[in-house]
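Structure first, commentary second.
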Amino acid sequence: MATRGFVGRRSGSDETGRLPPGQFLESGFPVLSAGPTPRINTEDWSFTLKNGIRPVKSWSWAEFNALPQSKMTRDIHCVTTWSKFDTAWEGVLIEDILGDAFIEPPTGFTLAHSYDGYTTNVPTADLVGGRAMVALRYEGKPITPDHGGPARLLVPHLYFWKSAKWVNGLQFTEKDELGFWELRGYHRYGDPWREQRYTND
Amino acid sequence: MRWQNATVTQIVRRSPTVISFFFRLPEFIPFIAGQHVSVRLTAPDGYRAQRSYSIASAPETTDHIELAIEKLENGEVSPFFHEVVEVGDEIELSEPIGGHFIWRVEDDGPMLLVGGGSGVVPFLSMARQRALVGSTAPMLLLFSARTRRDLLFMDELDRLRGRGDGFGMVATLTREEMPPAGVSKGRIDAGIIAGSLARLPGKPRRIYICGSNPFVENAAQLAIDAGIEPAMIATERYGL
């Protein structure tokens with residue numbers, strides 16, 4: 001059913017096929033989060049890889065920055081319907097983190113953890129193969145605190161709530177354990193191209 | 001996600017930039033104060049635009065839901081509401097969404113609500129519900145707006161304050177040379193946060209902050225500086 005009088009303000013880039021259904025193109029970079037921006041000092045920062053409850057390896061800020069650094073320029077899509085094209089990130093690919101810990105992914109499910117207690121679940125397969133990283137830099141500069149700095153997860157092919165801000169660990173889990181928003185009405189997987197915004201979409 | 005064609009039954013201007021739209025739903029879906037709904041507009045060729053708006057009405061008023069929509073100058077959906085939508089129009093609304101920025105009567109208090117401009121909207125739902133069910137949970141609303149004309153819902157909030165049942169309000173105006181009696185001047189700062197916290201009978205169980213991102217960030221950091229646990233602070237950031 002069409003809405004009376006609505007035409008819409010279409011972005012020209014719509015025609016490139018890069019905008020998933022129900023999204024609009026945003027030039028700014030909106031900030032959304034469920035709580036206050038945590039205060040994180042890189043001297044105290046650490047990142048921990050866990051298999052279940054067992055810690056596999058932890059890195060300090062200096063150690064993490066010494067891991068191979070990769071670049072990813074991707075379109076990102078927020079569930080609140082804005083998308084932003086060509087965002088340029090730099091950080092450590094998840095397979096490079098696993099490689100430094102000398103492990104293969106032990107399970108098919110991963111839960112990302114953040115400094116503010118936030119969690120989000122991502123299938124392990126979506127984190128490897130060059131599809132995801134722990135980003136340390138955005139547009140050539142350290143990521144600002146409100147955008148998730150000093151480090152945020154970047155899983156650009158899923159809705160952006162999966163790209164956990166202030167990430168401090170990845171945990172492999174035996175089964176798919178829902179994260180913060182996934183327990184509060186948002187979709188388990190969150191594919192923007194299938195418009196998986198809410199639990200039953 | 002469930003969508004329904006809701007009918008606009010009433011349109012009320014709340015401030016120079018905010019208009020309330022009242023909707024009648026074919027089927028009222030229960031919601032929790034603080035939740036939002038998505039609005040979906042469809043062009044004749046199938047193009048769609050979707051945005052979320054906080055619910056202003058109380059969960060108890062099941063004959064309508066009220067959305068108070070601020071007009072964003074470069075927006076796509078809010079200008080359409082302000083300029084085109086009329087009583088009788090049908091608009092697609094989603095079921096209520098959001099399991100985080102919410103208050104249930106049994107959550108009790110004390111609680112501090114900090115709203116910037118149209119960020120006060122979800123707090124109307126909470127305050128209205130609290131009054132409708134006769135809750136005496138201590139609730140203090142700290143409301144920041146630009147000018148006195150931007151203090152939306154002020155008459156109603158004054159009436160709620162006048163009930164003397166534990167609902168209080170502190171208002172501050174950032175762009176008003178001579179604020180009305182009882183209203184402060186300037187942005188929310190450490191003094192206003194401390195003063196608001198002091199008006200609650202105890203440490204708040206929860207602080208809710210809603211508004212633009214800079215507004216929310218400023219208020220949240222001030223609350224943390226005032227000794228509030230970050231985990232007690234729920235934020236909702238507007239801006240699209």
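The values are calculated or read from the model by the stated rules, or taken from the named source; none is laboratory data. All figures in this text were calculated on a predicted structure; none of them were measured in a lab. Cβ sites come from the backbone with ideal geometry, for glycine too, and all protein chains shown count toward neighbours.
Quick check, is B:N218 crowded, with 16+ Cβ neighbours inside 10 Å and at the interface with chain A (Cβ under 9 Å from one of its Cβ atoms)? I'd like the intermediate steps shown before the answer.
Numbers: crowded, with 16+ Cβ neighbours inside 10 Å: yes; at the interface with chain A (Cβ under 9 Å from one of its Cβ atoms): no.
So B:N218 does not fit the description; no.
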Qualifying residues in the range B:189-215 (those that are within 14 Å of another protein chain (Cβ to nearest Cβ) and among the aliphatic types (A, V, I, L, M)) - the one nearest to the chain's Cα centre (by Cα): B:I209
Selection count where residues are over 15 Å from the mean Cα position of the chain (by Cα) and of a type in the set (V, I, T), scope the range B:1-60: 8
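Yes or no: B:I224 over 17 Å from B:G119 (Cα atoms), at the interface with another protein chain (Cβ under 10 Å from one of its Cβ atoms), at pLDDT 95 or above and in a helix (DSSP H, G or I)? Give the derivation first.
Values: over 17 Å from B:G119 (Cα atoms): yes; at the interface with another protein chain (Cβ under 10 Å from one of its Cβ atoms): yes; at pLDDT 95 or above: yes; in a helix (DSSP H, G or I): yes.
Yes, satisfied.
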Criterion: part of a helix (DSSP H, G or I), within 19 Å of the chain's Cα centre (by Cα) and either away from chain A (no Cβ under 14 Å) or of a type in the set (V, I, T) (or both) - qualifying residue of B:L157, B:L140: B:L157
Residues satisfying the stated conditions in the range B:1-27, i.e. assigned to a loop (DSSP other than H, G, I, E, B) and either touching a residue at least 40 places away in the same chain (Cβ under 8 Å) or in contact with a Cys (Cβ under 7 Å, 6 or more places away or on another chain) (or both): B:M1, B:R2, B:R14, B:S15, B:P16, B:T17, B:L25
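Could you list all residues from the range A:8-57 that are among the hydrophobic types (A, V, I, L, M, F, W, C), buried (at least 16 other Cβ atoms within 10 Å of the Cβ) and more than 22 Å from A:L111 (Cβ to Cβ)?
Kept after step one, since they are among the hydrophobic types (A, V, I, L, M, F, W, C), are these residues of the range A:8-57: A:19, A:24-25, A:29, A:31-32, A:34, A:40, A:45, A:47, A:49, A:53, A:56.
Among the residues that remain, those that are also buried (at least 16 other Cβ atoms within 10 Å of the Cβ) are: A:19, A:24-25, A:31-32, A:34, A:40, A:45, A:47, A:49, A:56.
If the condition is that a residue be among the hydrophobic types (A, V, I, L, M, F, W, C), buried (at least 16 other Cβ atoms within 10 Å of the Cβ) and more than 22 Å from A:L111 (Cβ to Cβ), then A:L19, A:F24, A:L25, A:V31 are the ones that fit.
What tally of residues in the range B:14-53 results from selecting those that are out of contact with any Lys or Arg (no Cβ under 8 Å at 6 or more places or on another chain) and more than 21 Å from A:S83 (Cα to Cα)? First the steps, then the outcome.
Kept after step one, since they are out of contact with any Lys or Arg (no Cβ under 8 Å at 6 or more places or on another chain), are these residues of the range B:14-53: B:14, B:21-28, B:30-31, B:34-37, B:43-46, B:51-53.
Next cut, more than 21 Å from A:S83 (Cα to Cα) only: B:14, B:21-28, B:30-31, B:34-35, B:44-45.
Result for the range B:14-53: 15.
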Selected residue (criterion: farthest from the other protein chains (Cβ to nearest Cβ)) from residues of the range A:144-201 that are outside any helix (DSSP H, G or I) and of a type in the set (D, E): A:E174
Residue match in the range A:5-14 (condition: part of a strand (DSSP E or B) and of a type in the set (D, E)): no
In the range B:44-72, the residues that are more than 14 Å from B:Y238 (Cα to Cα), at pLDDT below 95 and surrounded by fewer than 20 Cβ atoms within 10 Å (Cβ to Cβ): B:P44, B:D45, B:G46, B:Y47, B:R48
Matching strands (runs of 3 or more DSSP E) fully within the range B:44-99 where at least 2 residues are touching a Phe, Trp or Tyr at 6+ places or on another chain (Cβ under 6 Å): B:65-70, B:90-94
The lone exception for B:A145 - which of (1) touching a Ser or Thr at 6+ places or on another chain (Cβ under 6 Å); (2) closer than 15 Å to B:L113 by Cβ it fails: (1)
Among residues of the range A:162-185, those that are more than 17 Å from the chain's Cα centre (by Cα), surrounded by 18 or more Cβ atoms within 10 Å (Cβ to Cβ) and closer than 19 Å to A:R54 by Cα, counted: 1
